[in-house]
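These notes are about the structure you will find just below.
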Amino acid sequence: MSHKAFENVNRYFGRAAKVLQLTAQESMLLSTPARELRVECNVRMDDGTVETFIGFRVQHDNSRGPYKGGLRFHPTVDIDDVRALASLMTWKTAVVGIPFGGAKGGIAVDPQKLSQLELERLTRKFTQGIRELIGDMLDIPAPDVNTNAQVMAWLMDEYSKFYGFRPGVVTGKPVELFGSKGRDEATGRGVAIAIEEYLKTEQRGIAGTTFIVQGFGNVGSHAARILHEQGGIVVGIGDHTGSFYDPAGIDVPRALAHAREKRSLAGFEGLSSASDALLTQPCDVLVPAALGDVITPEVARALACKLVVEGANGPTTPEADEILQGRGIPVIPDIYANAGGVTVSYFEWAQNIQQFAWEYERVRDELDKVMRRSFAELAATAKKHRVDLRTAAFTMAIERVKLASQLRGY
Ligand code: GLU
């Protein structure tokens, strides 16, 4: 995301604040993060040298429950970025009505340049740095860009050295280590449900609809798989190594098998190195599911889709969002579209606290309910205030957070 990331989130916040006629004081109070932590992580590298990495944890709001949000490892991570992502988590958990606030963590590092052991030492150092500010009733990290179940397992283990058995301190853990069935695919499945609900309003379905999915990590790969399973025609896929567009439809199972083995799409037959062109190819539904700020005004003017569904956090800049509104291309916003991940994180946390594991079917059904109920509320809010879906999502979320803060007495 850009150095304007937090400002961008607050522009979206501002659109909803106008609808709700918030005072300047109320807007300030609701948008300002509660706590920000910056930690130095000194890590012994495999060659014996020591390197310093900088990590952050921003806790944005906890009026509706413990702080909650992912942890990302990426070279572009900075405090502004993490602040923006923490704020998005506050609104996201409120949109889907789960009892959490919002937080985010990040470390400025390119994990591809580290060995597994170096990555483990870095994760443990970072956990030591933030350990006093996290906990199953305080702040619960989870996976995000370039982090996975293994990283969460290390985090849980490091935390347990200080505080004992507390598996609910982090979600997105391996199923073999207090994780939840269905957590891995949850964000992608939620994206597919969001799309299905939207298409229903146009008397259409996923079957026969064409999709481009940008990003083939946790979100994009599961979204592409589930859309394909439901009869959708995935015409474009891509990741940081390249992209592939075929109007006749891509062999998604083959792409998934390739990505599972090679850990990226690099070398996939037909892959071209020009990943930039993917977004603007023709399709019915475009799903950006990688990094922020990919739909710039220039891209927005060139898009050849009928609907944008934000699998990633913050993929559309506010300027681009206005262009899309002008062009009549609706956007299903991140704080609803990708909320399936944190929703199943909530189920994982609940299972950890109760020491009672759910079957996959139960997880899937409960996720389904949350996504569909939230869509109905979102659509009703958009209709009531005659606003776009993003403004409706922020409006719903801000109302809920404001009410909780008021009831507490700020
Ligand atoms: N990183 C994911 C997100 O942005 C999941 C967060 C979580 O499960 O706490 O929503």
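Averaging Cα coordinates gives a centre for segment 151-180 and one for segment 293-354; these two points are 29 Å apart.
Between rounded, prolate and oblate, where does the chain land on the alpha carbon gyration tensor, with a ≥ b ≥ c its root eigenvalues, rounded for a/c under 1.5, else prolate if a/b exceeds b/c? Taking the square roots of the gyration eigenvalues as a ≥ b ≥ c, the chain is rounded.
What's log10 of I(q)/I(0) for segment 238-353 at q = 0.18 Å⁻¹, Debye sum over Cα points only, no solvent? For segment 238-353, the Cα-only Debye profile gives -0.99. A simple charge model with +1 on the Cβ of Lys and Arg, -1 on the Cβ of Asp and Glu and nothing else charged puts the dipole of the chain at about 1100 debye relative to its Cα centre.
Normalised radius of gyration (Cα atoms, divided by 2.2 N^0.38 Å) for segment 5-168: 1.08.
Give me the net charge of Gln112's neighbourhood, meaning all other residues with Cβ under 14 Å from the Cβ of Gln112; Lys, Arg count +1, Asp, Glu -1. Counting the neighbours of Gln112, the net charge comes to +1. The modelled label-to-label distance between Leu407 and Phe165, using points 7 Å beyond Cα along the C-beta direction, is 3.3 nm.
Here the Karplus relation 6.51 cos²θ - 1.76 cosθ + 1.60, evaluated at θ = phi - 60°, turns the backbone of segment 395-410 into coupling constants of 4, 4, 5, 5, 4, 5, 5, 4, 4, 4, 5, 4, 4, 6, x, 6 Hz, with x for every Gly and Pro.
Scanning residues 5 or more positions from Phe53 or on other chains, those with amide H under 5 Å from its amide H are Cys41, Asn42, Val43, with H placed 1.01 Å from N in the peptide plane. Between Glu359 and Ala376, the contour length at 0.36 nm per residue exceeds the alpha carbon distance by 3.5 nm.
Backbone phi angles across segment 68-76, fed through the Karplus curve with coefficients 6.51, -1.76 and 1.60 (θ = phi - 60°), yield HN-Hα couplings of 8, x, x, 10, 10, 10, 7, x, 8 Hz in residue order; Gly and Pro are listed as x.
Of all stretches in the chain that contain no GluC sites (Glu not before Pro) in a DSSP loop with at most 14 other Cβ atoms within 10 Å, the longest one is 1-201. Rolling a 1.4 Å probe over the protein chains gives Lys200 an accessible area of about 110 Å². The amide H of Ile332, built 1.01 Å from its N in the peptide plane, has Val308, Val309, Glu310 as neighbours under 5 Å, considering only residues 5 or more places off or on other chains.
Evaluating 6.51 cos²θ - 1.76 cosθ + 1.60 at θ = phi - 60° for every residue in segment 114-124, the Karplus couplings come out as 9, 7, 4, 5, 5, 4, 5, 5, 5, 4, 5 Hz, glycine and proline recorded as x.
Quick check: at a probe of 1.4 Å, how many percent of the accessible area of the chain sits on carbon and sulfur atoms?
Whole-percent figure for carbon plus sulfur exposure: 52.
Using a 1.4 angstrom probe on the protein heavy atoms only, could you order Lys384, Lys104, Lys369 from most to least accessible area?
My answer, sorted largest first, is Lys384, Lys369, Lys104.
Ordered by 1.4 Å accessible area with all protein chains kept, Tyr245, Tyr410 run largest first as Tyr410, Tyr245. The label-point distance for Gln21 and Leu138, in a model that sets each label 7 Å from Cα toward Cβ, rounds to 4.2 nm.
Summed over qualifying helices (DSSP H, 4 residues or more, each -39500 (n - 2.57)) and divided by its residue number, the chain shows a 222 nm mean residue ellipticity of -15000 deg cm²/dmol. Taking Ile54, Ile98 and ordering them by how much accessible surface each has at a 1.4 Å probe, largest first, produces Ile54, Ile98. The dipole here belongs to segment 121-183: it is taken about the Cα centre, uses +1 on the Cβ of Lys and Arg and -1 on the Cβ of Asp and Glu, and is about 160 debye.
Applying a threshold of 22 Å to the alpha-carbon distances of Lys161/Lys181; Lys92/Lys383; Lys92/Lys402; Lys200/Lys384 flags Lys161/Lys181 as lying beyond it.
Accessible area per residue, 1.4 Å probe, Å², for the chain: what's the number?
Value returned for the chain: 40 Å² of accessible area per residue.
Ordering Asn218, Ala16, Trp154 by the projection of their Cα atoms onto the charge dipole of the chain, which places +1 on the Cβ of Lys and Arg and -1 on the Cβ of Asp and Glu, puts Ala16 at the extreme positive end.
The values are calculated or read from the model by the stated rules, or taken from the named source; none is laboratory data. All of these numbers come straight from a predicted model, not from anything done at the bench. Note that we place each Cβ from the backbone using ideal geometry, even for glycine, and neighbour counts take in every protein chain shown. The area values use the complete protein model at the heavy-atom level, side chains included, leaving out ligands, DNA and RNA. Shrake-Rupley method; radii C 1.70, N 1.55, O 1.52, S 1.80 Å.
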